[in-house]
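Take a look at the structure set out below.
The values are calculated or read from the model by the stated rules, or taken from the named source; none is laboratory data. Since the structure is predicted, the reported quantities are computational estimates derived from the model, not experimental observations. Here the Cβ is made from the backbone with ideal geometry for all residues, glycine too, and neighbour counts use every protein chain on show.
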Amino acid sequence: MSAHAAEPRPGVPPMPERNPKALRAAIAQHAPQLLPDFDEHWKRAIADTFDIGPLPAFMARWWGEYAIARDPELDARMADLHHRAAESTDLAEAKALLEEASEIRHWVRKTEPGE
């Protein structure tokens, strides 16, 4: 996979400031399909526990989810990789497809606000 596969294209909204409030607002505006899961995870992991210890892991997960979902082409690519891996009868091929999806997830988590 080339690094360019995860770089945003023109028309892809920029990443928000790296905080839960800004991330939630960006999700609500540009990837509302993620909002119910985001809110449920927030409630379960942070709000109901009054514990901010899990906040870095929470932000890492949802930062990556939003970075993918905000880009329709990248989101479709990830869906295709997962679908092809699930349908594959060749273990090596399925593993390669999932490794490519993992590389994309690691790449997008490095995306900075404004990118």
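Some points to look at:
- For residue 51: the one exception among (1) loosely packed, with under 12 Cβ neighbours inside 10 Å; (2) at pLDDT 95 or above: (2)
- Tally of residues being in a helix (DSSP H, G or I) and crowded, with 17+ Cβ neighbours inside 10 Å across the stretch 62-84: 12
- Complete set of residues in the stretch 8-47 that are of a type in the set (D, E, K, R) and modelled with pLDDT of 95 or more: 17, 18, 21, 24, 37, 39, 40, 43, 44
- Comparison of 49, 89, 111 shows that the only residue that is part of a loop (DSSP other than H, G, I, E, B), among the β-branched types (Val, Ile, Thr) and touching a residue at least 24 places away in the same chain (Cβ under 8 Å) is 111.
- Of the residues making up the stretch 23-36, those that are in contact (Cβ under 8 Å) with a residue 24 or more places away in the chain and surrounded by 13 or more Cβ atoms within 10 Å (Cβ to Cβ) are 23, 26, 27, 30, 31, 34.
- Residues that are closer than 14 Å to residue 67 by Cα and either exposed (fewer than 13 other Cβ atoms within 10 Å of the Cβ) or touching a residue at least 40 places away in the same chain (Cβ under 8 Å) (or both) within the stretch 92-108 comprise 102, 103, 104, 105, 106, 107, 108, listed in sequence order.
- Sole residue being on the phi < 0 side of the Ramachandran plot, surrounded by fewer than 16 Cβ atoms within 10 Å (Cβ to Cβ) and part of a loop (DSSP other than H, G, I, E, B), chosen from 56, 13: 13
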